[in-house]
Every structure is written in structure tokens, then in C-alpha cells.
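**Student:** The structure's right below; bear with me while I get my questions together.
The values are calculated or read from the model by the stated rules, or taken from the named source; none is laboratory data. Values in this document were obtained by computation on a predicted structure and should not be read as measured data. Cβ placement follows ideal geometry from the backbone for every residue including glycine, while neighbour counts extend to all protein chains displayed. Just so you know, the surface numbers come from the protein's heavy atoms only, side chains and all, with ligands and any DNA or RNA stripped out. Shrake-Rupley method; radii C 1.70, N 1.55, O 1.52, S 1.80 Å.
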Amino acid sequence: MTQQESSPETLWLSGNEALALGAHEATVKVASGYPGTPSTEILENLTGYDNVYTEWAPNEKVGLEVAIGASFAGVRALATMKHVGLNVAADPLFTASYTGVRGGLVIIVADDPTMHSSQNEQDSRNYAWAAKLPMLEPSDPAEAKEYLKQAYEISEEFDTPVLLRSCTRVAHVKGIVASGPITASKVTPGIEKMPAKFVMLPANARQRRLAVAERMEKLALMADHSSLNTIEWGDKKRGIIAAGTSYLYAKEAFPEASFLKLGLVNPLPQSLIKEFASKVKELIVIEDLDPFLETQIKAMGIKCHGKDMIPAIGELTTAVVRTGVSGKAGKTDFAPVELVPRPPNMCAGCPHRGLFYNLNRLKVFVSGDIGCYTLGFLPPLSAMDSCVCMGASIGVAHGMAKALGDEGKGKIVAVLGDSTFIHSGITGLINTVYNKDYSTVIILDNRITAMTGHQPNPASGSTLMGEPANSINFEELCRAIGVKHVRTVNPQNIKETHDALKEEIERDEPSVVITRFPCVLIPEEKKRKKIPLHSNTDNCTGCTACLRIGCPAIHWEPLTAEEVAARGGKKAQKGISRIDEVMCVGCGLCKQLCKFDAIVDGEEKS
Ligand code: SF4
Ligand code: SF4
């Protein structure tokens, strides 16, 4: 390790900002990833540092492969993703465990207990175990930065990729972080041919399998003496083993107890655990999600409590830990905050609204995908019938078409966004064409990866580092795959979209409809002058047609029978709808639905 001295600075950083600082201080040269909450801001913050190349990859597998290549070339490399992204990257991950590294290689994976913004709950520690890789687990932003730097040292010393497990709380909470020295790698960048190490054909892989076993034994010995794993002696009646945020919750709930805090959660420090267990009367393992530590500790022949006290579902809190262990919730440290309810909804002017309005009317089965447009599931649009994982919509629609045969014709569509299509939808479309079904694939091209916070993607025309880039031509790409019927529509035009969908859905062969209109929140759109529409409420009959698109800028005002009579309305009228001109961006969708001239252009307002 080579260190450059610099005066420390005290900073107030989120975990993701701290991880970016850690990558900078560890002299990471290449970083690649796919945006996924809660990991997204790591790379976005890393772009603010010099001497590092950062990029958004089409998916997590490619991101990790890029980082592996950089490591082979002798520089320190980083791949970032959320837990479900690690599933996509699992293929290169398991083999990178065999090849090992040249420059240090770290994979940051951010778990999301309780599924604040995910389709499932996963415990990424199981990947460290299965892929035979060391994993570090910080509990706060300061540790996140320090652990990342240590991860690079471990990576180069033990010739291994290292996993660093973050989670929603570590990623997004803010804490005091001290800047530190730059710790450069001793590896010299350049091309070094090492086929026995890097070419994983069976003869070489069998040798590397032995190297992996040897490495994990050495790491387990290191774990017993590492400063990453520490004992804090307190009352020896109760000993707690915990890592990450679980340690913080447990410490707050039982400050008097003895603790074995694990920073390295794979492999485990067996001697240290045995020593700790032998000196406490009751041993409790406190961990979120799976009984990862508990199972291994029990397999060591040590009696302990774990999931008999601590839930295996959802995020832990101090109160959950206290109640689980002692049966009493105890005092409430913070009074619950009353937040204004904010139900999920597409933004006012969202270009997906026109499409889902039409799909609802067409009564087709909509095989959905992951993105803002998953909200098309909610009423009043109610036009999404399944959603499995990134890029799955096309495969699911294909499976349904094959299962139903002629009976499903004209009844099945797949929807997915531009970024999701590039991520892993494209292979599904190739399969649809190759294996001949009739489903219609709708690519909702809003020019950006919107749901994770508007990151550019290979169709957006710019890179993460802000440089202009090639923008994929989806029409040409789909035709090149073999789709004969490709058409592009403006989803803000309800009739045009309806007619195109009807025609394509009824086809006997695969077709693609691209609904192209930019997300209202991308910088170019935000700059565009918006003229809100205006409610001419005198004309409103209360028919509610405009409410069926679920725009948050339109609200309903109930009227009494007397008020309706005074307006000269029909007896059945229950109220009027009104546009909130502060929220309205003038997309014009609602105006197309009103048959009574009750919604008029902004200029007409006087
Ligand atoms: S024009 Fe209508 S649909 Fe579009 S944002 Fe304004 S109120 Fe909503
Ligand atoms: S504004 Fe038009 S569409 Fe909306 S409720 Fe009134 S009359 Fe019906």
C-alpha cells in the first residue's frame, strides 16, 4: 500500500457519497454499474472526482465484466448494483472468484430489506457464501468509506474480488465521515498474459478451484485477527453477535450487553466466535433477513438464539430487536412522524399515461416490467397484469402466447421501458421472433432511465460523464432482429396510439410499437415552456371522463344538488373536475377526453 498524506477533512455524507469518496481514496480507475435504488448515487458521486472513468452499463452483468477487465489490466475497479442486480451479474461473479484479480476488484451490492423500492427481499450474503468470496458489511457512512478501502487491500493481498454489502439505511443515511489518505495500489497497470489464471477452461478452472479453497482458508485465519471484527465487552450475561445496521439497532436496544461486531461477514472468524461464545451466558445472533450467521454458528456446535427471536422478514429497528429479545418494546426513542400521504402516481404529463389509458380500453393482458410504468397497475389506469423482474415482460408474454395458442391472439402485449429493453429485454424479443409468436411488444421510450432518478442510457444520447454519445435507433434495431412490423407513435395522442395498438395487437406475427415522448422531468423537458390547460368549469358536466387518466393535476370537486341546480346541471351530476394549473404541464391528454369544451388551452384563459 502506498499512502499520500493529506489533512483530514470532516464531512457530512450519505453512505453512497462516502462510498464514492472511498473509491476515490482507494484510487479506483474504472467504475461501472447499472442504476438501482439504493445503490444509484455511488457512481453519480464518483463522477465528481478526477482520474476515474465512470459509466452506466446496459446491465449489471456487463458492468461487472467491465470491472473484471479493468482489474485484469492492473487497475483498481468497482462495480455497483442493487441486490436484484447481483442476480443478473451472478454469472461473471462466480467465475471471477476463480480467476481472482490483478488490480483490486470490489463489487458493492445494496440490499433493500422491507422492499422500499424492490420487487423482492434478498440477502446478498448468500452470494458471498455460494461464490466463495469475502464480504464486508459496514454499519454507517464512515465505515462504508473505510471498509471500501480495506476491501481493495484484501482484494489485492488475497487475489480475490471482494463483495461489500450495503443496504437502504447505510446508503441513504447521512453521517460524519473524515476524509483520509489516498491509498494507491502496488499493481502496475498493463497487459500481462496469465492464461492459467484468466482462461477458465476446465483444466485451468480445476486448478483455480483449489486456489479458491486455499484463499478462503487464509481469509478465515485473517478474520480471527482482523480489526474488521471486534469484541466490545460489557455485561457477560448477554453476548450479541451482529454486523452492519443490525449491530447499531442491537447496541441501541441493549447498550449494556457484550458485542462481537463483525465487519467481515464471510468467511467468519471461527476462533473469535468460539472465544466470545465461551465467555457469555446467553448468546444471541441479531441479523436482518436470513439466518446467515446463525446457521454457521450453530454448525460450529455453538448454542445460540437467532431467528427464534428476530424476524427474518423486513427491516430491523431498535424496537423490533428489543421486542424480539426481551418481549418488551420499551420506551419509544422517537415519536412517529405524521407524514402527508403520498400515494404512488405517475407525474402530471407523464408520457406513459396515454398508453395505459388505451391498453385499459383494449382489455388485453399486459405483461409488465420494472420502471415508472409499473404504476400503470394502479387505478384508474389499471392496465398491468404481471411484473416479474427487469426485462421479463417479453418472455412472460411469449410463454403465455405459446401456452394459449390461437386463443391468446389479439389479447397479449408486453410493455417495457427503453432502459429495460436495453438491460435485458432485447434477448426476449429475439426469442419472440425466433420462436414465432404473435405478441406485441411496446417499448415505452421516454429517452431516460427515469425510475432510478433520470440516468442516461444507450438510447439517451449522452454518457454518465456528460459526453455526447450514440443514441440507439430502436426502429432499426428491432428490424435487424427480424421484427417486420415496427411503428412509432406519440403516446400523448390518444387516438393515434389507440389505432396503432389495435392494428398491431391483432397481427398474427410479432410486432413492436415504440411510444416515444420524453419524460417530463429530464432537463431538456424541464426547460421547455409549459402552458397549463385551464378548466372552463361552467361547461363541465361532471362526466368524469378526464379523471380516467389519473393525472394528479386534475381533482374532483363535489357539488350539492342545490349547487348543481343553480348551475343548470343535470340531476345526476355529482360535481365538477378542475385542473390545478400549478401542477399541469399542458400535455393535452385530458383535453382529448373532454367532449364538452370544459378543458381549454392556457392561452384562452382570460
Ligand atoms: S394537460 Fe391535463 S393531463 Fe396533462 S398535465 Fe395538465 S391536467 Fe394533466
Ligand atoms: S372536464 Fe370534461 S371530461 Fe372532465 S368531467 Fe368535466 S366534462 Fe367530463
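**Student:** Which residues, counting only those in region 298-316, are out of contact with any helix residue (DSSP H, G or I) (no Cβ under 6 Å at 6 or more places or on another chain) and buried (at least 18 other Cβ atoms within 10 Å of the Cβ)?
**Tutor:** Glu315
**Student:** If you don't mind, there's one more thing I want to ask. Going by the conditions given, is Ile549 within 11 Å of ligand 2 (Cβ to nearest atom) and within 32 Å of the chain's Cα centre (by Cα)? Before you say what the answer is, go through the steps one by one.
**Tutor:** Numbers: within 11 Å of ligand 2 (Cβ to nearest atom): yes; within 32 Å of the chain's Cα centre (by Cα): yes.
Against the criterion (within 11 Å of ligand 2 (Cβ to nearest atom) and within 32 Å of the chain's Cα centre (by Cα)), Ile549 qualifies.
**Student:** Given the options Gly391, Gly368, Gly327, Gly376, name the one that is over 24 Å from the mean Cα position of the chain (by Cα) and either away from ligand 2 (no atom under 16 Å from the Cβ) or of a type outside the set (A, V, I, L, M, F, W, C) (or both). First the steps, then the outcome.
**Tutor:** Values: Gly391 fails: over 24 Å from the mean Cα position of the chain (by Cα); Gly368 fails: over 24 Å from the mean Cα position of the chain (by Cα); Gly376 fails: over 24 Å from the mean Cα position of the chain (by Cα).
After applying the criteria, what remains is Gly327.
**Student:** Considering only residues that are surrounded by 24 or more Cβ atoms within 10 Å (Cβ to Cβ) and hydrophobic (A, V, I, L, M, F, W, C), which ones fall in region 136-155?
**Tutor:** Correct list: Leu136, Ala144, Leu148, Ala151.
**Student:** Which numbered condition trips up Gly263, out of (1) open to solvent by 20 Å² or more (accessible area, probe 1.4 Å); (2) touching a residue at least 60 places away in the same chain (Cβ under 8 Å)?
**Tutor:** Exception for Gly263: condition (1).
**Student:** Sticking with this structure for a sec: Return the residues of region 102-134 that are buried (at least 21 other Cβ atoms within 10 Å of the Cβ) and acidic (Asp, Glu); say none if nothing qualifies.
**Tutor:** Asp111, Asp112
**Student:** Got at least one residue in region 353-370 being modelled with pLDDT under 95 and hydroxyl-bearing (Ser, Thr, Tyr)?
**Tutor:** No, region 353-370 has no match at all.
**Student:** Within region 517-530, identify whether any single residue is within 30 Å of Lys436 (Cα to Cα) and more than 10 Å from ligand 2 (Cβ to nearest atom), and answer yes or no.
**Tutor:** Applying the first criterion (within 30 Å of Lys436 (Cα to Cα)) to region 517-530 yields 517.
Checking which are more than 10 Å from ligand 2 (Cβ to nearest atom) leaves us with 517.
Checking region 517-530: at least one residue is within 30 Å of Lys436 (Cα to Cα) and more than 10 Å from ligand 2 (Cβ to nearest atom).
**Student:** Here's another thing I want to ask about it. Criterion first (away from ligand 2 (no atom under 12 Å from the Cβ) and of a type in the set (Gly, Ala, Ser)) does Gly575 satisfy it?
**Tutor:** Values: away from ligand 2 (no atom under 12 Å from the Cβ): no; of a type in the set (Gly, Ala, Ser): yes.
For Gly575, the condition - away from ligand 2 (no atom under 12 Å from the Cβ) and of a type in the set (Gly, Ala, Ser) - is not met.
**Student:** Can you tell me which residue in region 397-418 is nearest to Gln455 (Cα to Cα), limited to those that are open to solvent by less than 10 Å² (accessible area, probe 1.4 Å) and in a helix (DSSP H, G or I)? Before the answer, list the steps.
**Tutor:** In the first step, residues of region 397-418 are kept if they are open to solvent by less than 10 Å² (accessible area, probe 1.4 Å); the result is 397, 401, 408, 412-418.
Keeping just the survivors that are in a helix (DSSP H, G or I) gives 397, 401, 408, 418.
Values: Ala397: 27, Ala401: 33, Gly408: 36, Asp418: 12 Å.
The extreme case among them is Asp418.
**Student:** Among all residue pairs at least 6 apart or on different chains, which show Cβ distances below 6 Å where the first residue, located in region 578-602, is under 10 Å from Cys546 (Cβ atoms) and among the aliphatic types (A, V, I, L, M) and the second is more than 9 Å from ligand 2 (Cβ to nearest atom) and part of a strand (DSSP E or B)?
**Tutor:** From residues that are under 10 Å from Cys546 (Cβ atoms) and among the aliphatic types (A, V, I, L, M), there are no pairs.
**Student:** On to the next question. Just give me the residues in region 44-67 being open to solvent by 20 Å² or more (accessible area, probe 1.4 Å) and either under 21 Å from Thr27 (Cβ atoms) or more than 21 Å from the chain's Cα centre (by Cα) (or both), in sequence order.
**Tutor:** Glu44, Asn45, Thr47, Gly48, Tyr49, Asp50, Asn51, Tyr53, Glu55, Val66
**Student:** Oh, and also: Please verify whether region 581-591 includes one or more residues that are over 29 Å from Gly453 (Cβ atoms), within 14 Å of ligand 2 (Cβ to nearest atom) and open to solvent by 20 Å² or more (accessible area, probe 1.4 Å). Write out each step before concluding.
**Tutor:** Here is the first cut: in region 581-591, the residues over 29 Å from Gly453 (Cβ atoms) are 591.
Next cut, within 14 Å of ligand 2 (Cβ to nearest atom) only: 591.
From what is left, the residues that are open to solvent by 20 Å² or more (accessible area, probe 1.4 Å) are 591.
The answer is yes; a qualifying residue exists.
**Student:** Anything in region 490-507 that is closer than 15 Å to Gly354 by Cβ and part of a helix (DSSP H, G or I)? List them, or say none.
**Tutor:** Ile494, Lys495, Glu496, Thr497, His498, Asp499, Ala500, Leu501, Lys502, listed by residue number.
**Student:** Just give me the residues in region 350-369 being crowded, with 24+ Cβ neighbours inside 10 Å and outside any helix (DSSP H, G or I), in sequence order.
**Tutor:** Cys350, Pro351, Val366, Ser367, Gly368, Asp369
**Student:** Does any residue of region 553-564 turn out to be in contact (Cβ under 8 Å) with a residue 60 or more places away in the chain and open to solvent by less than 20 Å² (accessible area, probe 1.4 Å)? Working first, answer last.
**Tutor:** From region 553-564, those in contact (Cβ under 8 Å) with a residue 60 or more places away in the chain are 553; that's our starting set.
Add one more test, that the residue is open to solvent by less than 20 Å² (accessible area, probe 1.4 Å), and what stays is 553.
Checked against the condition, which is being in contact (Cβ under 8 Å) with a residue 60 or more places away in the chain and open to solvent by less than 20 Å² (accessible area, probe 1.4 Å), region 553-564 yields at least one hit.
**Student:** Within region 130-168, track down each residue that is among the aromatic types (Phe, Trp, Tyr) and touching a strand residue (DSSP E or B) at 6+ places or on another chain (Cβ under 8 Å). Walk me through it before giving the result.
**Tutor:** First pass over region 130-168, keeping only residues among the aromatic types (Phe, Trp, Tyr): 147, 152, 158.
Of everything in region 130-168, those that are among the aromatic types (Phe, Trp, Tyr) and touching a strand residue (DSSP E or B) at 6+ places or on another chain (Cβ under 8 Å) turn out to be Tyr147, Tyr152.
**Student:** Here is a follow-up. Checking Glu217 against (1) in contact (Cβ under 8 Å) with a residue 12 or more places away in the chain; (2) closer than 21 Å to Leu133 by Cα: exactly one of these is not met. Which one?
**Tutor:** For Glu217, the failing item is (1).
**Student:** Scan region 428-454 and report the pairs whose first residue is open to solvent by 20 Å² or more (accessible area, probe 1.4 Å) and whose second residue is at pLDDT below 95 and part of a helix (DSSP H, G or I), with Cβ atoms within less than 7 Å and a gap of 6+ or a chain change.
**Tutor:** As it stands, the answer is Met451/Cys372, since those pairs meet every condition given.
**Student:** Read through the list (1) crowded, with 17+ Cβ neighbours inside 10 Å; (2) under 19 Å from Pro134 (Cα atoms); (3) of a type in the set (D, E, K, R), then give the number of the only condition that Arg209 fails.
**Tutor:** For Arg209, the failing item is (1).
**Student:** Do you know which of the residues in region 490-535 that are among the aliphatic types (A, V, I, L, M) and closer than 16 Å to Ala414 by Cβ is surrounded by the most Cβ atoms within 10 Å (Cβ to Cβ)? Break it down into steps so the answer makes sense when it comes.
**Tutor:** Kept after step one, since they are among the aliphatic types (A, V, I, L, M), are these residues of region 490-535: 494, 500-501, 505, 512-514, 520-522, 531, 533.
With closer than 16 Å to Ala414 by Cβ added as a condition, the list becomes 500-501, 505, 512-514.
Values: Ala500: 23, Leu501: 25, Ile505: 21, Val512: 27, Val513: 24, Ile514: 20.
Here the residue is Val512.
**Student:** If you don't mind, there's one more thing I want to ask. Of the residues in region 544-575, how many are among the β-branched types (Val, Ile, Thr) and within 12 Å of ligand 1 (Cβ to nearest atom)? Working first, answer last.
**Tutor:** Here is the first cut: in region 544-575, the residues among the β-branched types (Val, Ile, Thr) are 544, 549, 554, 560, 564.
Applying the additional criterion that residues be within 12 Å of ligand 1 (Cβ to nearest atom) yields 549, 554.
Residues in region 544-575 being among the β-branched types (Val, Ile, Thr) and within 12 Å of ligand 1 (Cβ to nearest atom): 2 in total.
**Student:** Let me ask something else. If Ile549 satisfies every condition in (1) closer than 16 Å to Leu593 by Cβ; (2) of a type in the set (A, V, I, L, M, F, W, C); (3) open to solvent by 20 Å² or more (accessible area, probe 1.4 Å); (4) touching a residue at least 24 places away in the same chain (Cβ under 8 Å) but one, which is the exception?
**Tutor:** (3)
**Student:** Return yes when Thr541 is surrounded by 14 or more Cβ atoms within 10 Å (Cβ to Cβ) and away from ligand 1 (no atom under 11 Å from the Cβ) and no when it is not. Talk me through it step by step, then tell me what you get.
**Tutor:** Numbers: surrounded by 14 or more Cβ atoms within 10 Å (Cβ to Cβ): yes; away from ligand 1 (no atom under 11 Å from the Cβ): yes.
So Thr541 fits the description; yes.
**Student:** Right, another one. Could you run through region 568-580 and say how many residues are open to solvent by less than 50 Å² (accessible area, probe 1.4 Å) and of a type in the set (Gly, Ala, Ser)?
**Tutor:** Qualifying residue count for the region: 3.
**Student:** Right, next: Taking the condition within 12 Å of ligand 2 (Cβ to nearest atom) and over 26 Å from Pro344 (Cα atoms), does Lys595 pass? Steps first, please.
**Tutor:** Numbers: within 12 Å of ligand 2 (Cβ to nearest atom): yes; over 26 Å from Pro344 (Cα atoms): yes.
For Lys595, the condition - within 12 Å of ligand 2 (Cβ to nearest atom) and over 26 Å from Pro344 (Cα atoms) - is met.
**Student:** Evaluate the following for Arg487: is it over 19 Å from Ala383 (Cα atoms), open to solvent by 50 Å² or more (accessible area, probe 1.4 Å) and part of a strand (DSSP E or B)?
**Tutor:** Against the criterion (over 19 Å from Ala383 (Cα atoms), open to solvent by 50 Å² or more (accessible area, probe 1.4 Å) and part of a strand (DSSP E or B)), Arg487 qualifies.
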